[in-house]
Each structure stands twice: as structure tokens, then as C-alpha cells.
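Notes for the one structure printed next.
The values are calculated or read from the model by the stated rules, or taken from the named source; none is laboratory data. Bear in mind that the values here come from a model prediction, so they are computed numbers and not experimental data. Heads up, the Cβs are rebuilt from the backbone with ideal geometry, glycines too, and the neighbour counts pull from every protein chain shown.
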Amino acid sequence: MFDLKYSLAKNLLRRKISKKKIDDLLIFLQRYITFADQGYNVKFDKEIGALTGNQKSMEIREMVLDKAEKKGIEKGVEKATVSFIMSLWETDNYTVSQIASLLKVSEEFVQNTIASK
């Protein structure tokens, strides 16, 4: 699972996508796609920091996201999930099954999301 998540982050950084969108997707990966073993979350954060040279600002964004989450902002997460699914699907690098596994959602949810766009 770590390798898939890390590979996804590296692929995003190689694409010609706006910096803001990449930042948003990396935040989503860091904050909402977590590992059961906290050590892997720390390792992933360090690896992304090394890739982007942006560790400090990512920590600030994490703090802001924690604050927003405590206020119960769920609509944004849902919208980000749909956007993230579409971003992954459009790369042609990930199957429905891989996306579902990465996001911890059902394959049916991923298929319905893709079909509705």
C-alpha cells in the first residue's frame, strides 16, 4: 500500500498539473489516505517532503486541515474524493480496483463516480 501511495505522489509531481492542484492532492493523500501503522504515515510525509522540498508548508496545511475537520467540514472532503478519483482515473495509470483500495471505498463507489462525470 505504501508503494502505491508513494508512486501516486511521484506521478502527480511529474505531471503538468498546477502547483495548487498538486498541493491539494498531496494534502488529500497525506491527510485522508492514512496507514494503520503510524510509522508509515511519518515515512510518507518525510518522503513527500524530500520530493517537494516543501515539508514545512505541508505541516502548516495539515494543521489547517485538522482545524477544518474539527468544525465538521465534510462536503469538501466528499468533493475532494470525487475530484481525486477523477484525477487518478484520467491518468490511465490506475484501475478501478486500485483507486478503491487506495481511497478505502468500494469499487462500486469509484465506478459510479466515474460514470457520473
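What to note about this one:
- Residues in segment 102-116 that are within 22 Å of LEU26 (Cβ to Cβ) and either touching a Pro at 6+ places or on another chain (Cβ under 6 Å) or surrounded by fewer than 16 Cβ atoms within 10 Å (Cβ to Cβ) (or both): LYS104, VAL105.
- Cβ-Cβ under 6 Å pairs, at least 6 apart or on other chains, segment 33-52 side free of Cβ contacts under 8 Å to residues at least 12 places away in the same chain, far side part of a helix (DSSP H, G or I): THR34/ASN41; GLY49/GLN55
- Tabulated pairs, segment 70-86, first at pLDDT below 75, second of a type in the set (A, V, I, L, M), C-beta under 8 angstrom, 6+ apart or interchain: GLY76/ALA68
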